[in-house]
Amino acid sequence: LSTLPDLEASRPDTIFFLSDYGLHDEFVGVVHAVLRRLSPGARVIDLAHHLRPFDVRNAAFLLARAIPFLGPGVVLGVVDPEVGGARRGIVLGTVARGSPQWFVGPDNGLLVGAAERSGAIETAVALSSTPAGGWSVPASFDGRDLFAPAAAALCGGVPVDTLGLRIDPATLVRLAEPVAERGVLADGRRCIRTEVLWVDRFGNVKLGITVDPELAELLALDVEIAATLERPGGGSFVMRAVRTFADLSDEELGVMADADGNLAVVARERSAALLLDVGPGDLFELSW
Amino acid sequence: LSTLPDLEASRPDTIFFLSDYGLHDEFVGVVHAVLRRLSPGARVIDLAHHLRPFDVRNAAFLLARAIPFLGPGVVLGVVDPEVGGARRGIVLGTVARGSPQWFVGPDNGLLVGAAERSGAIETAVALSSTPAGGWSVPASFDGRDLFAPAAAALCGGVPVDTLGLRIDPATLVRLAEPVAERGVLADGRRCIRTEVLWVDRFGNVKLGITVDPELAELLALDVEIAATLERPGGGSFVMRAVRTFADLSDEELGVMADADGNLAVVARERSAALLLDVGPGDLFELSW
Amino acid sequence: LSTLPDLEASRPDTIFFLSDYGLHDEFVGVVHAVLRRLSPGARVIDLAHHLRPFDVRNAAFLLARAIPFLGPGVVLGVVDPEVGGARRGIVLGTVARGSPQWFVGPDNGLLVGAAERSGAIETAVALSSTPAGGWSVPASFDGRDLFAPAAAALCGGVPVDTLGLRIDPATLVRLAEPVAERGVLADGRRCIRTEVLWVDRFGNVKLGITVDPELAELLALDVEIAATLERPGGGSFVMRAVRTFADLSDEELGVMADADGNLAVVARERSAALLLDVGPGDLFELSW
């Protein structure tokens, strides 16, 4: 339970804010206002707020893939279907230097994978429910009342131990990993079975498998890939391994390494997700 | 018509920006750019921009409930169906310390309730239509051309009297208060008749009644509440008084004090508004 | 190929960010994070991100009309259907003082019109594909990997020639100008034939024609304007020249100079676009 001196000594000045609050209400703005009041010098960067309400797993994937690009700071993550219930609020601190060192939010699996992508978890604290913001606290807006004040406190150099009690990182709630199986079919073809993690605004279909050197080599070969969508009426599709969208004709489906290093199914200036009628959780078998 | 010396001496450095501009167009971004140019050091916090176009009353409620969390600064509020017409542009100054002291926008009821929640109105000025931004001014984008320059001027310490002429706060346009009646039914049951103010992103139904100590006591008792929706085909519902979402089973409707201290009808990880088919303006009778 | 000394010496501290990334994904947030890391002191202003995916022409019009209000800085514009393909990444520098001097993004017509509205193009550079951000670079997120680092470098005072090779501005890709024809009909009536450029959130229909003094005079006269929508089933409409929305009755369609100085078709607290069933690209003939 020791802490690196320089984690405690860090005075982060950037807060990365992720939630399922949407922008329809004043929730995101009010959290910004609280952060401004409690930590006037911090810059707040909105990572995403239009996440599917209550979908912790999708939010956790999004946060983890953003980590390599964030720089040092505090991640404030709030997708929190059990707000007011028994789940803990937590602060995680990592040994990271060039990426976020602190993670604040509910203990429901949202933060732990991203924290570990940032660096080894050095510190884990269960937030005291004592409000740090100075107002009376209802049970339904911990983003404003508990998590934002804790994030601001970390920016202000408040020792993490004043925010709650140390907990064993092994007790943190964890989510199921994405389906990502690799093998060989009876006919000798190589095969991947994986899950749709995300459909982006352009309809690109992000799969739950990372492009390793072997896959990168395959994608460089301009091969045909057979894809089967594992669900009633899912169908089979022929796709082409490509480097980027511009390598596709208007009629083709492509498989490429996307900007996060995941395998993705794409089309050219069209939505692959609409063409295939897929969304998060759907399973693909790809073979070549 | 005197002014407190320290209101005049304040140099706010935060602007809270609320509008019905949406984020589909460049309107919000251009207002930010104008504020950046005219008041480079001010931080601009977006409270909400996806408000229903022209719906001044809903915007006024949203702004008023955000006030306790905002900290000192200037509220720039623009929901302005009569832009270019005869309605006045106004600046209101309050005696507040820990919350916004200045309010800039149209005189259509949007600002006055929020200003009074912030503190007593000390100063009211009708904005001169002379452009403060330095460009020729059309009649349809006062948020950019009149209100943002006025907000920036206040941040810069410009005396409010240079922005226009003092007016009597009694002449400010005011909106109807929410329906919020309390009584006793013929059979002795206590009863509340109130209006739906807002449906949030999660489908929680915010009602136009504040949770006072008597209601708080009721909500702590785990009682059943009978709800009637007053409209053709509205129907009757049984709800349960709860402290938070997590106290509900998946099938129940709950009544709780929401994060703003309003009474709200909620469900667990589902939209109460969709279940009940209600929206702003619908009337509920609750009894117990 | 000389450069004004004071363009090179400028150290802009504001980045205006425009994209078709939407806010559904983490793309915009990650670009903000990259800018924060590489240029910690710069302020980033979001101009618009909900642009129609891949619609370069609409984005170019939006950016050009925002220019007069932006103040000095760097425009980071990313609507980039050919990302990863053969199109160049560019930096344009203009002689502007009070408006953006630098423009960074793809060479597909998005930037050049806006840059020229800002000032004469003094410098044009084709971005080297060498990543400036310090991570390995896929071929599908140049906003994050190439353009944001270049914008940050300009804010940091890095000489533009270190970012790539000079190119001839005459070689920049340009888009078709809006349809904007003026003439006289057989019966002597004056006539304008023009294109719908944009429909804003309120349903106002922005046309591809600028209000010059002659048109301004017409609009001041309260005349009737006959409008024909040039498409099968388009129909004919009577509109009234007005100064602003508030001059219209609830039943009327109006023609006015909008806040950008374009001619626009409007209604009062209703969507003119819905009433007329029009969108970008539709052609109107107006006569009086």
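The values are calculated or read from the model by the stated rules, or taken from the named source; none is laboratory data. No experiment lies behind these values; they were computed from the predicted model shown. Positions of Cβ are generated from backbone atoms using ideal geometry, with glycine treated the same way; all protein chains shown enter the neighbour counts. Protein only, heavy atoms only, side chains kept; ligands, DNA and RNA dropped before computing areas. Shrake-Rupley method; radii C 1.70, N 1.55, O 1.52, S 1.80 Å.
Things to note:
- Nearest residue to the symmetry axis between A and C, taken on chain A by its Cβ, in whole Å: A:LEU23, 4
- Calculated P(r) of chain B - Cα pairs past 32 Å, %: 33
- Other protein chain C-beta atoms within 10 Å of residue C-beta, averaged over B:260-269: 2.
- Residue mean of other protein chain beta carbons inside 10 Å, B:198-206: 4
- Prolate/oblate/rounded label for the protein assembly as shown (Cα gyration tensor, a/c 1.5): rounded
- Equivalent ellipsoid semi-axes - Cα gyration tensor, the range C:177-282, angstrom: 18, 17, 14
- A point 7 Å from Cα along Cα→Cβ stands in for B:ARG190, and the other copies hold the same point at 7.0, 7.0 nm, listed in rising order.
- Nearest-0.05 FRET efficiency for A:ALA220 and C:ALA126, computed from C-beta distance (R0 22 Å): 0.30
- Relative contact order (%) - criterion: Cα under 8 Å, at least six apart; region: the range A:82-238: 16
- The range C:74-199: translational diffusion in µm²/s, Stokes-Einstein, Kirkwood Rh over Cα pairs, 20 °C, 1.002 mPa s: 133
- Among B:138-151, C:45-58, the order from most to least packed when residues are scored by Cβ within 10 Å on average: B:138-151, C:45-58
- Each copy carries B:ARG52; placing its label point 7 Å along the C-beta direction from Cα gives inter-copy distances of 2.8, 2.8 nm, listed from smallest up.
- Degrees separating the helix C:56-66 axis from the principal Cα axis of chain C, which is the longest one: 90
- Sorted shortest first, the distances from the B:VAL223 label point to those of the same residue in the other copies are 7.0, 7.0 nm; each point sits 7 Å from Cα along Cα-to-Cβ.
- Sorting the segments C:173-179, B:82-88, B:201-207, C:71-77 by their mean number of nearby beta carbons within 10 angstrom, highest to lowest, gives C:71-77, B:201-207, B:82-88, C:173-179.
- Per-residue mean of C-beta atoms belonging to partner chains within 10 Å, peptide C:141-154: 1
- Share of carbon and sulfur in the accessible heavy-atom surface of the protein assembly as shown [1.4 Å probe, %]: 55
- Note on the protein assembly as shown: antiparallel DSSP beta bridges, both residues inside, total approximately 75 percent of the bridges counted.
- Gap separating the Cα centres of the range C:190-214 and the range A:40-54, nearest whole Å: 37
- For the range A:35-50, residues shielded by at least 10 square angstrom of accessible area compared with the chain on its own, probe 1.4 Å: A:ARG36, A:ARG37, A:ALA42, A:ARG43, A:ILE45, A:ASP46, A:LEU47, A:ALA48, A:HIS50
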